[in-house]
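Peer 1: Once you've had a glance at the structure underneath, I'll fire off some questions.
The values are calculated or read from the model by the stated rules, or taken from the named source; none is laboratory data. Given the structure is predicted, the values throughout are model-derived calculations rather than measurements. Counting neighbours? That spans all protein chains shown, and the Cβs are built from the backbone with ideal geometry, glycine included. Protein only, heavy atoms only, side chains kept; ligands, DNA and RNA dropped before computing areas. Shrake-Rupley method; radii C 1.70, N 1.55, O 1.52, S 1.80 Å.
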Amino acid sequence: MSQKLSVKRRLLSRSERVKSVELHPTEPWMLTSLYNGLAYIWNIETKQVIKTLEVSNLPVRVAKFVARKNWVITGSDDSLIRVFNYNTLEHVTHFGAHLDFIRSIAVHPTQPFILSCGDDGIIRLWNWEKKWEKTKEYRGHTYVVMQVVINPKDNNQFATASLDKTVKVWQLGTQVPNFSLKHEKGVNCVDYHPGNDKPYMATGEDGGMVRIWDYQNKSCVHVLQGHSKDVNTVVFHASLPLILSAGCDGTLRMWHSSTYKLEKTLNFGLERVWMIACQKKTNALAMACDDGSLAIRIGRDEPAISMDSSGKILWAKQMEIQQANTKAIGDREIKDGERLAVAIKDLGSCEIYPHSISHSPNGRFVVVSGDGEYIIYTAMALRSKSYGPGLEFVWSSDSSMYATMDGTFIKVFKNFKENKSFKPSFVAEGIFGDQLLGVKSTNSLVFYDWESLNLIRRIEISPKHIFWSANASLVCLATQENFYILKYNPESVQNASNDLDKVSDDGIEDAFEVLNEVNEIVSTGTWVGDCFIYINNLNRLNYYVGGEVITIAHLDRVMHLLGYIQKENRLYLGDKELNIVSYSLLLSLLEYQTAVMRKDFQTADKVLPTIPLDQRNRIAQFLEKQGFLTQALAVSIDPDHRFDLSIQLKDLATGHSIAKQCESVDKWKELSDLALKLSDMDLAQESLLQSQDLAGLLLLASSAGNRDGISKLAQSAEERGQNNVEFLANFVLGRCEDCLEILIKTGRLPEAAFFARTYLPSQISRVVCLWQQMMASHNKRVASAIADPTQYENLFPGYKELLKAEEFIKPERLKVIPAAQYSRIQSNADRVPVREMQESERIGVLTVSLQPSPGETEDEEEEGFVKVQVSGKRKAAAEVNIPESTPVEYPVPAPGQYPVPAPVEYPMSAPVEYPLPEPGQQPMPDRLSTISSNPTGQASLIQLTVDGGVTKNNKDSPALSDLERELDFDLENFNIDDFDITELDLDSEDLLSDLSDAL
């Protein structure tokens, strides 16, 4: 019976004649050498040329990978062997190897050797560790040597094929052949059988013959006849029981390596085939042809391996069946993803080459399928129970039933006897087992009942795999592009079986309900409860639960899911090399996540106590992804995760508690930001302090007007060496002297000089001297260019006035003013201290002027207030507000004290603007400018100036009386003993009545 050999084309490149081809042992690369002298490295997956080598102007007949050196070695018709680094494309070396064309190169698998042969009939051994020294030369052939290959079972032996009609077998250490195998015609190719069970080799000769030889007995075992022209290449497949041959007739023929039957013939239309290359441990195959190159994959990629529910694993190694038991690992700690050191037991040899192995649902039997046949064995002792023909075999959910597909017929067996058979009305391409018998075509899937073979449902998709859950309520249909999760309704099927009217041509409509579609490609999978666990095409181990896909692990190679052991809460996986790895996955965790996805939190809360604490964080992360942050915070035990959740939930209390436990600066910073957003200033201050965020503390303290906090902050900044914060804190406090010392201490003398020039002119000379000393060691010319105001007064006009202004403004700078008054204090940007000092020095008096409040206009009808500006000898300016009907008491400081206390607001019925003239200017018309007394300080004599003219009146003057009465202003209560009041300037008598009317 023929094997079911599926062939999938992976890459087809049409080009000039390709003489050789090889597959990289680990990368998805194909190396080709062309008749035009070029060599290419193709990426099979991307179907792109990734490297191009310009080798020679003559044909390159052979090119080989040396993966351990990152080399490509070529042999060409110019008799040279060249070596390239395929990563850098560097030309490593080249040397003359033969006297004529070079036909073949063989790379030793372990030693630094290569063997070469060519048209001169000589085989030579080269050692690259000895600078490519020719170590040996083997003579014995009388004509062209077409190929040389090394025995994979004995690396000291190699064979050569020649057009002198012989194949010779050699040892590396001897220069004469061990023996020769004679042929009828010239021999073009030779290859060794890779298995240890057969000492065979295959040869291809002119005329189309392929011969199988027993090189121990030196006898021909079999002759394969099928090619119509010369055979140019023959190889034993590395992992399948196949002999592959191709030649000048343009066909690729696949022969069974045990029965020698022709399994398949392929013709890709690329004319003559010159070489076939296989990749070890895979089903990949490449061909070099006249019209291009080709990469294909033959058969299944999955290994022949199966695990039962107890953890016993069976696999096929060639035709040998072996067993491994995960229970034998014992109580040793198993790390996720690490290879398990399982004990391997040989159960015996199988009569057929296994393509697949699968346990029955109860684990008592195991079926081996291959070569178009199946054999059912007992799982424990590998005793044959039943056998028969069949390209495919599937078990029912009932271990006593199974089905086979042989050509167009599908047979159902019960208790190892044929029960029923049928031929579908469509072309069946595969069958699926478990709860229902599935049969697929190119575009549809049909489910049948196992017992009656009645149609259950026709679905318009063609899946690669079908996976049923243990309770048969859910099924996954995996296609080439995605997978579907369906719910099976046995009640609907039962009801329809009693009422045939409910069954249409497509079966029972309510038999299945589509729950979800996921755009991922499933390689292998299994169900655990209501969770579907699978490996996708990107080698990720995922599971699907309630519409959500969760990644368990990222795999570093292609793995196949074997099953889940519930008692151990572990998943088991295997690869092509039969390595077994495991990953932990709690069943209770899956049950909890299933309940959460269904929003059944009552069930989830019941399951939660059964989940170990070390898995709580995984649950919390799952809950967070679903948007259940409150539940995630309650479940999580990881402080970092809990803190992040508390920040997302704006839970300051929990965040504060975790931050105190962890003592993490980053956490305190996050907490301070959140506290500021939520206006929790106490917590914000504590968090900023704990995180040592002095800049944040400065912002907070300055915004709140916390003078003591800023003072303490300046001290903390000094202790921690944070000079910028220390400077700003002192500057806010008005400690200019301390600011200057910080600049000097940190060596920022240019900034210190300009700072002194602005705020502390008395310190300029000292700072300039330090600046000059610093610059003298770097550049004396620059140092000499720095001028000291005390030495060069002509360069600093007004320097003495600056000194006076510094003394004049210093007391005000140190005065503490409540923050509530800042909105009504004149901005420093609007003041000129030197001018204020000069004006005070010039008049030596106290002046009072009336001004409206900022932002108020004459059009406002709401109650406003009037500003009164008071100035004296040693006071620049302060503000006092006069009420409408309240006696005004001007709080003038005692002798020698200043400044005047902060202003107080009193409402008036209408604001009036009476700005003072600039110093030295005459009062403008219609302006009330100043009120003053005589120089003696006695209030009995008042000087009234109207429109620049002087009118003398005593305190009983009608004009003054009217002013007192209208403003309720009592000059007798105004203590001016220590101030000189010189004049009262009114620009017209009408202004008084106008003012009275306005008030």
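Peer 1: Take the Cα gyration tensor of the stretch 624-670, multiply each eigenvalue by 5, square-root it, and list the three semi-axes largest first, rounded to whole angstrom.
Peer 2: Calculated on Cα positions only, the semi-axes equal 18, 10, 9 Å.
Peer 1: Can you list, largest first and rounded to whole Å, the semi-axes you get for the stretch 257-362 by taking the square root of 5 times each eigenvalue of its Cα gyration tensor?
Peer 2: 38, 18, 11
Peer 1: Taking only the alpha carbons of the stretch 132-240, what extent do you get along each of the three principal axes, in Å, biggest first?
Peer 2: 42, 32, 27
Peer 1: Please list, in chain and number order, the residues 5+ apart from residue 118 or on another chain whose amide H is under 5 Å from its amide H, with Hs placed from the backbone.
Peer 2: HN-HN under 5 Å from residue 118: 103, 145.
Peer 1: Only sites in a loop by DSSP and with at most 16 other Cβ atoms within 10 Å count here; which trypsin sites (Lys or Arg not before Pro) in the stretch 96-185 make the cut?
Peer 2: Filter output for the stretch 96-185: 131, 139, 153, 185.
Peer 1: Could you please report the charge total around residue 229, scoring K, R as +1 and D, E as -1 over all other residues with beta-carbon less than 14 angstrom from its beta-carbon?
Peer 2: -3
Peer 1: Moving on to the next point. Under the rule of at least 5 residues apart or a separate chain, name every residue whose amide H is placed under 5 Å from the amide H of residue 392.
Peer 2: 405
Peer 1: Stick to the Cα atoms of the stretch 216-305, pair each with every other, and give me the Kirkwood hydrodynamic radius in Å at one decimal.
Peer 2: Radius from the Kirkwood sum: 13.7 Å.
Peer 1: At 0.36 nm per residue, and after removing the present C-alpha to C-alpha distance, how many nm does the segment from residue 746 to residue 416 gain when stretched out fully?
Peer 2: Extending this stretch completely gives an extra 109.3 nm.
Peer 1: How long is the gain from residue 479 to residue 820 if the chain were fully straight, where each residue apart is worth 0.36 nm and the alpha carbon distance is subtracted?
Peer 2: My answer for the length gained is 115.3 nm.
Peer 1: In whole angstrom, note down how far apart the Cα centers of the stretch 424-482 and the stretch 337-361 are.
Peer 2: 27
Peer 1: A follow-up question, please. Past 20 Å, Cα to Cα, is the threshold; run 8/280; 261/411; 411/440; 8/47; 345/567; 264/440 against it and keep the listed order.
Peer 2: Over 20 Å apart, Cα to Cα: 261/411; 345/567; 264/440.
Peer 1: Quick one: check the C-alpha center-to-center distance for the stretch 574-606 versus the stretch 724-792, whole angstrom.
Peer 2: Here the answer is 70 Å between Cα centres.
Peer 1: Just to confirm a number: summing +1 for Lys and Arg and -1 for Asp and Glu over residues other than residue 112 whose beta-carbon lies under 13 angstrom from that of residue 112, what do you get?
Peer 2: +2
Peer 1: Whole-Hz Karplus ³J(HN,Hα) for the stretch 85-92, in order, using 6.51 cos²θ - 1.76 cosθ + 1.60 and θ = phi - 60°, x for Gly and Pro?
Peer 2: Those phi angles translate into 8, 6, 7, 9, 6, 5, 7, 6 Hz.
Peer 1: Which of rounded, prolate or oblate describes the stretch 285-424 when judged by the alpha-carbon gyration tensor and an a/c cut-off of 1.5?
Peer 2: Oblate, since a/c reaches 1.5 and b/c is not below a/b.
Peer 1: Could you state the accessible area per residue of the stretch 510-592 in Å², with a 1.4 Å probe and every protein chain left in place?
Peer 2: Heavy-atom SASA per residue in the stretch 510-592 reads 38 Å².
Peer 1: Would you mind checking which residues have amide H under 5 Å from residue 461's amide H? H placed 1.01 Å from N; only 5 or more apart, or other chain.
Peer 2: Excluding prolines and chain starts, which carry no amide H, the hits are 445.
Peer 1: Let me ask something else about it. Given R₀ = 56 Å, what would the calculated FRET efficiency be for residue 131 paired with residue 558, taking r from the Cβ atoms and rounding to 0.05?
Peer 2: 0.90
Peer 1: Roughly to the nearest percent, how much of the accessible area of the stretch 1-138 is carbon and sulfur, given a 1.4 Å probe?
Peer 2: For the stretch 1-138, the apolar C and S fraction of the accessible surface comes to 45 percent.
Peer 1: Using a 1.4 Å probe and counting only protein heavy atoms, arrange 720, 598 so the residue with the most accessible area comes first.
Peer 2: 598, 720
Peer 1: While we're looking at this one, here's another question. Looking at the stretch 783-846, which chymotrypsin sites (Phe, Trp or Tyr not before Pro) are in a loop (DSSP not H, G, I, E or B) and have at most 12 other Cβ atoms within 10 Å?
Peer 2: Of the chymotrypsin sites (Phe, Trp or Tyr not before Pro), the ones in loops of the stretch 783-846 whose Cβ has at most 12 other Cβ atoms within 10 Å are 792.
Peer 1: Enumerate the calculated ³J(HN,Hα) couplings along the stretch 250-260 in order (Karplus 6.51 cos²θ - 1.76 cosθ + 1.60, θ = phi - 60°), each rounded to whole Hz, writing x wherever the residue is Gly or Pro.
Peer 2: x, 10, 10, 10, 10, 10, 5, 6, 9, 8, 6
Peer 1: Still on this structure, please answer the following. For residue 260 paired with residue 280, estimate the spin-label separation in nm (one decimal), with each label point 7 Å from Cα along the Cα-to-Cβ line.
Peer 2: Result for the modelled spin labels: 2.8 nm.
Peer 1: Okay, next question. What trypsin sites (Lys or Arg not before Pro) in the stretch 605-695 are in a loop by DSSP, with at most 14 other Cβ atoms within 10 Å of the Cβ?
Peer 2: 650
Peer 1: Just the number, please: Stokes-Einstein D of the stretch 369-518 in µm²/s, Kirkwood Rh from C-alpha pairs, 25 °C, 0.890 mPa s.
Peer 2: 152
Peer 1: Hey, another quick one. Residue 810: which lysines have alpha carbons under 18 Å from its alpha carbon, excluding same-chain residues fewer than 8 sequence positions away?
Peer 2: Filter leaves 800, 873, 875.
Peer 1: Might you work out the accessible area of residue 42 for me, using a 1.4 Å probe with all protein chains in place, and round it to the nearest 10 Å²?
Peer 2: Here the accessible area works out near 40 Å².
Peer 1: Per residue, how many Å² of accessible area does the stretch 271-414 show with a 1.4 Å probe?
Peer 2: 43
Peer 1: Also, quick follow-up: Ratio of the stretch 194-251's C-alpha Rg to 2.2 N^0.38 Å, to two decimals?
Peer 2: That ratio works out to 1.12.
Peer 1: Quick one: what Rg and Dmax do you get for the stretch 494-640 from the alpha carbons, in Å?
Peer 2: Expressed in Å, the Cα Rg and Dmax of the stretch 494-640 come to 18.6, 62.
Peer 1: Where Lys and Arg each count +1 and Asp and Glu each count -1, what net charge lies around residue 185 among other residues with Cβ under 13 Å from its Cβ?
Peer 2: -1
Peer 1: Which ³J(HN,Hα) values, rounded to whole Hz and listed in residue order, are derived for the stretch 110-127 from phi using the Karplus coefficients 6.51, -1.76 and 1.60 in 6.51 cos²θ - 1.76 cosθ + 1.60 with θ = phi - 60°, glycine and proline given as x?
Peer 2: Rounded to whole hertz, the list is 10, 8, x, 10, 9, 10, 10, 8, x, 6, 7, x, 10, 10, 10, 10, 10, 10.
Peer 1: Leaving out ligands, DNA and RNA, and with a 1.4 Å probe, what % of the accessible surface on the stretch 186-227 is carbon or sulfur?
Peer 2: Here carbon and sulfur together make up 38 percent of the probe-accessible area.
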